[in-house]
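Every number here is computed from the coordinates shown, using simple stated rules; none is lab data. Note that the structure is predicted; figures quoted are calculated from it, not measured. Neighbour counts are summed over all protein chains in view; Cβ atoms, including those assigned to glycine, are modelled from backbone coordinates with ideal geometry.
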Amino acid sequence: MTALIAIEGIDGAGKGTQCKHLVDRLTAAGVRTAGLQFPRYSETTFGAAIGDFLNGRFGSLDQVHPQLAAVLYAGDRFESKQVLQQAVDTHDVVVLDRFTGSNLAHQSAKLQGEERAELLKWIDHVEHVVFGLPRPDLNILIDISSNWSRELVSRKAARDYTDNEADIQEANLPYLEKVRACYVTVAEQRDDWQIVESLNEDGELRSVRDINDEVFELIKPLAGLPDPQIPVK
């Protein structure tokens, strides 16, 4: 049975870096491992539309209803079902850089109270029932503050979906803080989520290896791995 692992977190949390290290470590341990990143901006019709959304071509964050934005992200995954299924069929572990949990956190951050609760249910239904996407066996939230997020986003290399240093979500710190809070709430309320802190007790960024060691320990049982740990190369 293939294990599906989703790495989640706000922009700049280091999800891509952690996913790469996980794929490398699991592969070194003899585990057939694949990695997929969402959204797939240049590979799906919905992914291209997400790029337009993040570049502000449909308006500001406040001008696009979260239910409509949610459909874009869910649609990108729906278009990618065959690619995902092929990875599942031919590997022991599939590591996902963002998945359905990202949609829950980002869109619900735009609403409050009962509206937020209803949207969470609706997104979950669309993703997993209407579109039939699998539920990850484990979602790992890489938690980081919005201030650190801004700093790390500014260090990113150019992305294929935007010419800007930051997209309309990354540039909006109050929004990212709301997304972070929604992520934490979702993670704390669900059994298939774990939280890994990016900052130490002094508020400084932990090393990539230190974070990856903790993430790897969470994944090892699902990958069927005993001790000792497989080191980061």
Notebook entry, point to check: For the Cα atoms of the chain, what angle does the longest principal axis make with the long axis of helix 113-125, in degrees from 0 to 90, nearest 10?
Noted result: 60 degrees
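Restricting to DSSP H runs of at least four residues, report the calculated mean residue ellipticity at 222 nm for the chain, -39500 (n - 2.57) per run over all residues, nearest 500 deg cm²/dmol. All intermediate terms of the calculation are to be shown ahead of the outcome.
On the way: 9 runs with 111 residues, N = 233.
That calculation yields -15000 deg cm²/dmol at 222 nm.
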Notebook entry, point to check: What FRET efficiency do you get for Gln112 and Arg209 if R0 is 41 Å and r is their Cβ-Cβ distance, rounded to the nearest 0.05?
Noted result: 0.60
Item checked: Full-stretch length increase - Asn147, Leu199 - with 0.36 nm per residue and alpha-carbon distance subtracted -> 17.6 nm
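For His65 and Asp192, what is the calculated FRET efficiency with R₀ set at 30 Å and r taken between the beta-carbons, to the nearest 0.05? Numbers along the way, then the final one.
Details: r = 28 Å, r/R0 = 0.93.
With R0 = 30 Å, the Cβ-Cβ based efficiency is 0.60.
Note down the relative contact order for the chain as a percent, whole number, built from C-alpha pairs under 8 angstrom at least six residues apart. If you can, show how the numbers build up before the last one.
On the way: 352 pairs, mean separation 73.2, N = 233.
Once normalised by length, the contact order is 31 percent.
Count the net charge of all other residues whose Cβ sits under 13 Å from the Cβ of Val215, scoring Lys and Arg as +1 and Asp and Glu as -1. Don't jump to the answer; show the numbers that get you there.
Values: positive: Lys15, Lys20, Arg25, Arg206, Arg209, Lys220; negative: Glu8, Asp24, Asp97, Asp143, Glu197, Asp210, Asp213, Glu214, Glu217.
Residues close to Val215 contribute a combined charge of -3.
Kindly rank 20-33, 187-200 from highest to lowest mean number of other beta carbons found within 10 Å of each residue.
Numbers: 20-33: 18.7, 187-200: 14.3.
Order by mean packing, descending: 20-33, 187-200.
Report the net charge of residues surrounding Ala187, where surrounding means a beta-carbon distance below 13 angstrom and charges are Lys +1, Arg +1, Asp -1, Glu -1.
On the way: positive: Arg180, Arg190; negative: Glu8, Asp143, Glu188, Asp191, Asp192, Glu197.
Around Ala187, the surrounding residues sum to -4.
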Margin query: For the chain, take the longest principal axis of its alpha carbons; what is the angle in degrees between that and the long axis of helix 208-223, to the nearest 10 within 0 to 90?
Written below: 80 degrees
Checklist line | Unsatisfied cross-links (Cα-Cα over 28 Å) in the set Lys15/Lys220; Lys110/Lys220; Lys20/Lys81; Lys121/Lys220; Lys81/Lys121 | finding: Lys110/Lys220; Lys121/Lys220
Next item on the list: Quick one: order Arg57, Arg135 by neighbouring beta-carbon count within 10 Å, fewest to most.
Entry: Arg57, Arg135
